[in-house]
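Asker: My structure is below; once you've seen it, I'll send some questions.
The values are calculated or read from the model by the stated rules, or taken from the named source; none is laboratory data. As the structure is a computational prediction, the values presented were derived from the model and not from experiment. Backbone-built Cβ (ideal geometry, glycine too); neighbour counts: all protein chains shown. Ligands, DNA and RNA are stripped out before the accessible areas are found, and what is left, the full protein with its side chains, is counted by its heavy atoms. Shrake-Rupley method; radii C 1.70, N 1.55, O 1.52, S 1.80 Å.
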Amino acid sequence: MARVRVHQHVNPLSPYYKQEPSPIDLTKAFAMPTHPLHVDIGCGRGRFILRMAEAMPDWNFLGVEIREPLVIEANEIASEEGVTNLHYEFCNAMIWLECLLADIPHGLLKVVTIQFSDPWFKKKHAKRRMVNPAFAKAVTEKIDAGGQIFIQTDIAFLADEMFEMFRSNPELIEYPIKENPFQIKTEREIAVEKNNLPIYRVIFKKDAALILPA
């Protein structure tokens, strides 16, 4: 299949991307909906979680992406390859992440990855960045106690900004790391490492001891 061509950037504040998504229905998305869930937010073409899903059949993988043509392409590839523990959703996570994840049963979301988010360098465009306080709150509230949030970027100021939004939540414990803990790497990560450029990484773990029982 030829790679679909899309713009590298889309304005998440334009009217088209403000449409509210339906909550993800895991029973329709996955063959085994009760398996532990890994959500990759801002997944781009979705090749990272495609390879993760192939390597880890006992987990489900959900890719979230704002560029709808990439979501359509990724789901077609997953279907063609017969990968039943993988699904992609079109969603403006900056605004609607909480809505998208609303119906995920308690205890299933174990891992969230946020990798190489668009930095929107200009100060006037900072409000377009995907990770904001509401986004960080939605991820922290939905992830299971003991679950992990992995963030990496090659942009230093963006790393500081994103890390601080999660760091300020007392439910999370921060673990700075130097290497990617996963066996699969994104296309962007491979390109950055090939050029010997720095990558800023951290894992936040939700402390089970701080979570009150339901």
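Asker: Check off (1) farther than 30 Å from Tyr16 by Cβ; (2) among the β-branched types (Val, Ile, Thr); (3) touching a His at 6+ places or on another chain (Cβ under 9 Å) for Ile173 and give me the number that stays unchecked.
Answerer: Exception for Ile173: condition (3).
Asker: When both residues are 6+ apart or on different chains and their Cβ atoms are under 7 Å apart, which pairs have a first residue that lies in segment 19-35 and is closer than 13 Å to Ile104 by Cβ, and a second that is open to solvent by less than 50 Å² (accessible area, probe 1.4 Å) and of a type in the set (Val, Ile, Thr)?
Answerer: Ile24/Ile104; Leu26/Ile104
Asker: Return the residues of segment 180-196 that are under 18 Å from the mean Cα position of the chain (by Cα) and of a type outside the set (Val, Ile, Thr); say none if nothing qualifies.
Answerer: Asn180, Pro181, Phe182, Gln183, Lys185, Glu187, Arg188, Glu189 - these are the residues of segment 180-196 that are under 18 Å from the mean Cα position of the chain (by Cα) and of a type outside the set (Val, Ile, Thr).
Asker: Those residues that are farther than 13 Å from Thr140 by Cα and touching a helix residue (DSSP H, G or I) at 6+ places or on another chain (Cβ under 8 Å), I need them from segment 90-102; list them, please.
Answerer: Phe90, Cys91, Asn92, Ala93, Met94, Ile95, Leu100
Asker: Can you work out which of the residues in segment 179-214 that are surrounded by fewer than 10 Cβ atoms within 10 Å (Cβ to Cβ) and part of a loop (DSSP other than H, G, I, E, B) is modelled with the lowest pLDDT?
Answerer: Residue satisfying both the conditions and the ranking: Ala214.
Asker: Scanning segment 115-134 for residues that are basic (Lys, Arg) and in a loop (DSSP other than H, G, I, E, B), which turns out farthest from Arg167 (Cα to Cα)?
Answerer: Lys122
Asker: Could you grab me the full set of residues in segment 69-84 that are open to solvent by less than 10 Å² (accessible area, probe 1.4 Å) and of a type in the set (Gly, Ala, Ser)?
Answerer: Of everything in segment 69-84, those that are open to solvent by less than 10 Å² (accessible area, probe 1.4 Å) and of a type in the set (Gly, Ala, Ser) turn out to be Ala74, Ala78.
Asker: All but one of (1) closer than 20 Å to Tyr200 by Cα; (2) at pLDDT below 95; (3) charged (D, E, K, R) hold for Lys122, so report the exception by its number.
Answerer: Lys122 satisfies all of (1) closer than 20 Å to Tyr200 by Cα; (2) at pLDDT below 95; (3) charged (D, E, K, R) except (1).
Asker: Hey, can you tell me all the residues within segment 50-84 that are in a helix (DSSP H, G or I), touching a Gly at 6+ places or on another chain (Cβ under 9 Å) and in contact (Cβ under 8 Å) with a residue 60 or more places away in the chain? Don't jump to the end; show me each part of the working.
Answerer: Let us first name the residues in segment 50-84 that are in a helix (DSSP H, G or I), namely 50-55, 68-80.
Checking which are touching a Gly at 6+ places or on another chain (Cβ under 9 Å) leaves us with 50, 70-71, 73-75, 77-78.
Of everything in segment 50-84, those that are in a helix (DSSP H, G or I), touching a Gly at 6+ places or on another chain (Cβ under 9 Å) and in contact (Cβ under 8 Å) with a residue 60 or more places away in the chain turn out to be Leu70, Glu73, Ile77.
Asker: Restricting attention to segment 83-99, does a residue exist that is closer than 30 Å to Ala31 by Cβ and over 18 Å from the mean Cα position of the chain (by Cα)?
Answerer: Yes, segment 83-99 has at least one match.
Asker: Okay, moving on. Out of segment 85-110, which residues are assigned to a helix (DSSP H, G or I) and either open to solvent by less than 10 Å² (accessible area, probe 1.4 Å) or of a type outside the set (Val, Ile, Thr) (or both)?
Answerer: Ala93, Met94, Trp96, Leu97, Glu98, Cys99, Leu100
Asker: In segment 19-35, is there at least one residue being at pLDDT 95 or above, crowded, with 20+ Cβ neighbours inside 10 Å and assigned to a helix (DSSP H, G or I)?
Answerer: Within segment 19-35, none of the residues are at pLDDT 95 or above, crowded, with 20+ Cβ neighbours inside 10 Å and assigned to a helix (DSSP H, G or I).
Asker: Hey, another quick one. State all residues of segment 135-159 that are under 22 Å from Lys178 (Cβ atoms), of a type in the set (Val, Ile, Thr) and surrounded by 20 or more Cβ atoms within 10 Å (Cβ to Cβ); if no residue qualifies, say none.
Answerer: Residues satisfying the conditions are Ile149, Ile151, Thr153.
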